[in-house]
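What follows is a set of notes on a single structure, which appears directly below.
The values are calculated or read from the model by the stated rules, or taken from the named source; none is laboratory data. Source: prediction; values computed, not measured. Virtual Cβ from ideal backbone geometry, glycine too; neighbours counted across all protein chains shown. Calculation scope for accessible area: heavy atoms of the full protein, side chains included, ligands and nucleic acids excluded. Shrake-Rupley method; radii C 1.70, N 1.55, O 1.52, S 1.80 Å.
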Amino acid sequence: MPTRPLVILPDPKLRLLSEPIPAITDEIRQLARDMLDTMYDAPGVGLAAIQIGVPKRIVAMDVSKSEVERHPMILINPEILWASEEKRAYEEGCLSIPDYYEEVERPDRVRFRYTNLDGQVIEQEAEGLMATCIQHEVDHLNGVLFIDYLSRLKRDRIVAKFRKAAKRESVGS
Ligand code: K1U
Ligand code: ZN
């Protein structure tokens, strides 16, 4: 089970714009496997490649929340095609900002397109947690974090807290 280390706030990699994937190679298939293993191990319901330091437009997702019946998805070059006017607030977390959760309001339903590992282009509609998760993950591909939707005060506080923790860790090691 090859897991990879997570990139944690305030690492500047999290602000990179990830590059489209032009072809599904063995390297991409291995990356997808490592992303799923890392996501399940964390545990999380989603993971963008940049969260393990790879600036490519690929996302792992499983919103089934069941360890018995897993529904792993790999989304290559995902795009949001449409978002509903109706919004929904969901308490979001982020594997790159451990142990911090805040409510974020986003469109309740989205239509999105992606390529799967077999090279098929899929269009799908999502609502609820899946809609929230796909928006959170596409944001990661564009260097956007869920804390960007919070007040400047809350965002600055959480960034400062993680900056301090990173400094302590670099001094301690
Ligand atoms: O991209 C990430 O950082 C993963 C993140 C995705 C996400 C969670 C909640 C709302 C939107 C997007 C997570 O998976 S955080 C962990 C989490 O939510 C969770 C962990 C275990 C079981 C169920 C949920
Ligand atoms: Zn995240």
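Mind checking which residues of the range 115-130 are within 15 Å of the chain's Cα centre (by Cα) and under 30 Å from ASP26 (Cβ atoms)? Correct list: MET130 only. The set of residues in the range 113-137 being of a type in the set (D, E, K, R) and not in a loop (DSSP other than H, G, I, E, B) consists of ARG113, GLU123, GLU125, GLU127, GLU137. I want to confirm something. Restricting to the range 8-20 and keeping residues that are aliphatic (A, V, I, L, M) and farther than 12 Å from HIS140 by Cα, which single residue is most open to solvent (accessible area, probe 1.4 Å)? Among those residues, the one meeting the criterion is ILE8. One residue alone among GLU137, GLU169 is of a type in the set (Asp, Glu) and buried (at least 21 other Cβ atoms within 10 Å of the Cβ), and that residue is GLU137. Flag: ARG4 does not match the condition of being open to solvent by 30 Å² or more (accessible area, probe 1.4 Å), touching a residue at least 40 places away in the same chain (Cβ under 8 Å), of a type outside the set (Val, Ile, Thr) and over 30 Å from ARG168 (Cα atoms). The requirement of being buried (at least 16 other Cβ atoms within 10 Å of the Cβ) and either without any contact (Cβ under 8 Å) to a residue 12 or more places away in the chain or out of contact with any helix residue (DSSP H, G or I) (no Cβ under 6 Å at 6 or more places or on another chain) (or both) is not satisfied by ALA23. Please determine whether any residue of the range 52-65 is at pLDDT below 95, over 27 Å from ALA165 (Cβ atoms) and over 13 Å from the mean Cα position of the chain (by Cα). Within the range 52-65 (the criterion being at pLDDT below 95, over 27 Å from ALA165 (Cβ atoms) and over 13 Å from the mean Cα position of the chain (by Cα)), the answer is yes, since at least one residue qualifies.
Out of the range 49-81, which residues are open to solvent by 60 Å² or more (accessible area, probe 1.4 Å) and of a type in the set (Val, Ile, Thr)? If the condition is that a residue be open to solvent by 60 Å² or more (accessible area, probe 1.4 Å) and of a type in the set (Val, Ile, Thr), then VAL68, ILE80 are the ones that fit.
Each row is one residue, and each column tells you yes or no for (1) out of contact with any Gly (no Cβ under 9 Å at 6 or more places or on another chain); (2) away from ligand 1 (no atom under 11 Å from the Cβ); (3) part of a strand (DSSP E or B).
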residue: CYS94; (1), (2), (3): no, no, no
residue: VAL104; (1), (2), (3): yes, no, yes
residue: ARG111; (1), (2), (3): yes, yes, yes
residue: ASP139; (1), (2), (3): yes, no, no
residue: VAL144; (1), (2), (3): yes, yes, no
residue: VAL159; (1), (2), (3): yes, yes, no
residue: LYS164; (1), (2), (3): yes, yes, no
residue: SER170; (1), (2), (3): yes, yes, no
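Answer yes if at least one residue in the range 94-102 is over 16 Å from the mean Cα position of the chain (by Cα) and among the acidic types (Asp, Glu), and no otherwise. No.
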